[in-house]
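The values are calculated or read from the model by the stated rules, or taken from the named source; none is laboratory data. No experiment lies behind these values; they were computed from the predicted model shown. Positions of Cβ are generated from backbone atoms using ideal geometry, with glycine treated the same way; all protein chains shown enter the neighbour counts.
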Amino acid sequence: MRTRSLLRAVETAAFNAGLVVLAALVRRAPLRRPTQCLVGWLGTAAARVHGVRRQTTSAGIGRAWQSAFGSPALVPITRIDGDTVWAEVRVHCPLRGSGDTAACYRLMAFDRAIAERAGASFVVVRSQAEPGVSVCEVALRPAQLPITDIIPAHVRCAGSAVT
């Protein structure tokens, strides 16, 4: 049990340190695209390590996405409305309050890769990058269904980014 706690603490510390570095890189013009690709690859790797598999129900999609994170308390599912899973990302984001929702979009390639492996589309509806927002609100929906009715934060806030 003690070894498991230590491993979890090391995993959390590495994740948080990596998040700080990657958040800085996705804001730098020449590194944006390669870093977004790296973040997506890391998300795919995390999904594989945590055994995320394609799901057939909204609830299954939510649980599968959630399972790729250290603790469900960090990414709680807040509700399921029909085909849409609503959740929060409570991990403290280095982009918090920056106004750079475009960088948030690039950084969330991690979550999109996990959602894709679970068979879902993933949208950040409210971003910690927005001033005054301390928790991201996200939506997941089966990939075969349209998700165009949900406006992503980086689209809604376009033009207000500070890069």
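Here are the numbers:
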{"quantity": "Inter-residue pairs, beta-carbon under 6 Å, first of a type in the set (Lys, Arg) and in region 111-137, second part of a loop (DSSP other than H, G, I, E, B), 6+ apart", "calculated": "Arg117/Val52; Arg126/Val133"}
{"quantity": "Residue that is assigned to a loop (DSSP other than H, G, I, E, B) and surrounded by fewer than 14 Cβ atoms within 10 Å (Cβ to Cβ), where the choices are Thr148, Thr78", "calculated": "Thr148"}
{"quantity": "Residue match in region 128-135 (condition: acidic (Asp, Glu), in a strand (DSSP E or B) and at pLDDT 95 or above)", "calculated": "no"}
{"quantity": "Which numbered condition Gly62 fails, given (1) part of a helix (DSSP H, G or I); (2) loosely packed, with under 14 Cβ neighbours inside 10 Å", "calculated": "(2)"}
{"quantity": "So Ala113, is it touching a His at 6+ places or on another chain (Cβ under 9 Å), within 20 Å of Val21 (Cβ to Cβ) and crowded, with 20+ Cβ neighbours inside 10 Å", "calculated": "no"}
{"quantity": "Residue within region 153-160 that is touching a strand residue (DSSP E or B) at 6+ places or on another chain (Cβ under 6 Å), buried (at least 20 other Cβ atoms within 10 Å of the Cβ) and either within 23 Å of Ala24 (Cβ to Cβ) or not β-branched (Val, Ile, Thr) (or both) present", "calculated": "yes"}
{"quantity": "Region 13-41, residues that are surrounded by 15 or more Cβ atoms within 10 Å (Cβ to Cβ), touching a residue at least 40 places away in the same chain (Cβ under 8 Å), more than 13 Å from Ala115 (Cα to Cα) and of a type outside the set (Val, Ile, Thr)", "calculated": "Phe15, Leu19, Leu22, Ala23, Arg27, Arg32, Gln36"}
